[in-house]
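Everything below concerns the one structure shown next.
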Amino acid sequence: MKKILVLLIIITLVATFYVALRAFRTKLDRVLSTQPVQTFTQPTPTPTSPAAKEIDRTLFVPYWSLKNASPLPPYHTLVYFGVQVGEKGLDTTDDGYKNLGSFVRDAGTSETVLTVRMLDSTTNFAILKDKAVQESLIKDSIALAQKYHFKGILLDIELSALPFSSLVDQIDIFNTKFARASHAKGFTYAVTAYGDTFYRLRPFDIKRLAQDVDGMYVMAYDFSKAKGNPGPNFPLSGSSTYGYDYEHMLNNFADSVPLKKLTIIFGMYGYDWAVDDRGIAQAVGEAVALKDIKANIIDSCKHLECNWERDSVSAETKAIYKDSDTGKHTVWFEDEQSVKRKEDYLKSHGVGSFAYWAYSYF
């Protein structure tokens, strides 16, 4: 009898719980039915958003490439590379200084930017410690930009040194001086940055530099060094293989620089390394322009046993050939197809400004 009573109690409790549950769900459905339905759609890009921004294309024009009087290609911006810096300031005896007039004559209607070339580490160390030379350098650079009607100034300061805080501070202070003086005279001001700045030890505080500049030109090439072993100019992906790539580079720079300030430079060339049977470099690689690689290896083989294939990971092309002495060579290079893949990747992440190194190379 007791077992029957217990069973009846259990059945009663279950039935009561079920009725209560259905009542609660009915009430909940009524409440939810009175709430507005939220829908989410992909936002339409505005004219100021990265996705809708017009793509800017810039061509670097080295002083040594100005050999005729024909107009330069009609890129949005032409960057003249450039005037050289010596220990006392601008070097007026350098061909880069002497060829300024030829560049301006050939530039047509493109906007123009004057590059100040600070490429020698020893000279740069001395200038960064000498405020008087800095003032003279800045003043003379701006005067040249005014004389030849440039729109902006680009500082290309390259250093091979450990990132000691004192040196980093010297660079930042000099950059701020140059930027303020340029802006005061109505010029845009930009700096270059190594594409591997965050990967290798470089004495540059990118975030601090970015605060004073209108733009930062990222040299996304020369990742595989001429003095090292063969490898891509700068791989699109494949950091596990090559150590670094575009994807990591963009993430690193985007953390320190607004995307609208970034211009990515593609190096339209490659390195040719003499290698042994294992593919190890036996000498310093020689830089070769893309047009010469096409002429001598891709379009027609001017060597022995030319072979080449595109690496799907890096997006670049690797060519192998033998010279007249049957010595083996490996060439890695950037071309229009690899650039297209890299541009597509960058554009999908909000970068809309690209540049090419350099006129006469492709």
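Percent of Cα-Cα pairs per 5 Å bin, from 0 to the last occupied bin, for the range 282-362, please list those.
Final binned percentages: 3, 13, 22, 22, 17, 12, 6, 4, 1, 0.
What size of dipole, in debye to the nearest 20, comes out for the chain about its Cα centre when the only charges are +1 on Lys and Arg C-beta atoms and -1 on Asp and Glu C-beta atoms?
Details: 41 positive and 42 negative charges, 426 e Å.
For the chain, the charge dipole is close to 2040 debye.
Just how far, in whole angstrom, is the range 304-342 from the range 248-263 if you go by their alpha carbon centroids?
Comparing the Cα centres of the range 248-263 and the range 304-342, I get a distance of 29 Å.
Between the range 266-280 and the range 143-220, how many Å separate their Cα centres?
31
Could you pull the accessible area for residue 70 with a 1.4 Å probe, rounded to 10 Å²?
My reading of the accessible area for residue 70 is about 50 Å².
Convex hull over the alpha-carbon atoms of the range 228-362: what's its volume per residue in Å³? Show your work: numbers first, answer last.
Values: hull volume 14.9 nm³, N = 135.
So the per-residue Cα hull volume is 111 Å³.
Size of the dipole of the range 237-362 about the Cα centre, Lys and Arg at +1 and Asp and Glu at -1 on the beta carbon, nothing else charged, in debye to 20? Write down the numbers at each step before the final one.
Numbers: 14 positive and 20 negative charges, 87 e Å.
Its charge dipole is roughly 420 debye.
Mind checking which of 358, 314, 332 is farthest towards the positive end of the range 312-362's charge dipole, using Cβ charges of +1 (Lys, Arg) and -1 (Asp, Glu) about the Cα centre?
314
Kindly give the semi-axes, whole Å and largest first, of the ellipsoid equivalent to the chain, taking each as the square root of 5 times a Cα gyration tensor eigenvalue. Walk me through the intermediate numbers first.
Numbers: eigenvalues 596, 188, 92 Å².
They are 55, 31, 21 Å, listed largest first.
Counting Lys and Arg as +1 and Asp and Glu as -1, each charge on the Cβ, what is the dipole of the range 51-206 about the Cα centre in debye, to the nearest 20?
Details: 17 positive and 18 negative charges, 71 e Å.
Its charge dipole is roughly 340 debye.
Probe of 1.4 angstrom, ligands and nucleic acids ignored: what's the accessible area per residue over the chain, in square angstrom? Don't skip to the answer; put the middle values down first.
Working: 19440 Å² over 362 residues.
That works out to 54 Å² for each residue.
What part of the accessible area of the range 215-265, given as a whole %, is carbon or sulfur when the probe is 1.4 angstrom?
45
Normalized C-alpha radius of gyration of the range 175-300, against 2.2 N^0.38 Å? Display every interim value, and only then the final one.
Working: Rg = 17.5 Å, N = 126, 2.2 N^0.38 = 13.8 Å.
Taking the Cα Rg and dividing by 2.2 N^0.38 Å, one obtains 1.27.
Out of 310, 57, 278, any idea which swings most in a Gaussian network model of the chain, alpha carbons joined below 10 Å?
278
What do you get for chymotrypsin sites (Phe, Trp or Tyr not before Pro) in the range 138-184 restricted to DSSP loop and a cutoff of at most 14 other Cβ within 10 Å of the site's Cβ?
Working: sites: 148, 150, 164, 174, 178; in loops: 148, 150, 164.
The qualifying sites are 164.
Could you point to the residue in 122, 143, 170 farthest towards the positive end of the range 113-176's charge dipole, with +1 and -1 charges on the Cβ of Lys/Arg and Asp/Glu respectively?
Result: 143.
With every protein chain in place, what's the accessible area of residue 185 (1.4 Å probe, Å², nearest 10)?
120
Report the extension gain between residue 109 and residue 70 in nm, rounded to one decimal, defined as 0.36 nm multiplied by the number of residues separating them, less their alpha carbon distance.
On the way: separation 39, 0.36 × 39 = 14.04 nm, distance 1.35 nm.
Contour length minus Cα-Cα distance gives 12.7 nm.
Counting each DSSP H run of 4 or more residues in the chain as -39500 (n - 2.57), what helix-only mean residue ellipticity at 222 nm follows after dividing by all residues, to the nearest 500 deg cm²/dmol? Mind showing how you got there, number by number?
Numbers: 11 runs with 125 residues, N = 362.
Rounded to the nearest 500, it is -10500 deg cm²/dmol.
The values are calculated or read from the model by the stated rules, or taken from the named source; none is laboratory data. Being a predicted model, the structure only gives us computed values, none of them experimental. Note that we place each Cβ from the backbone using ideal geometry, even for glycine, and neighbour counts take in every protein chain shown. What goes into the accessible areas is simple: the full protein's heavy atoms, side chains included, and nothing from ligands, DNA or RNA. Shrake-Rupley method; radii C 1.70, N 1.55, O 1.52, S 1.80 Å.
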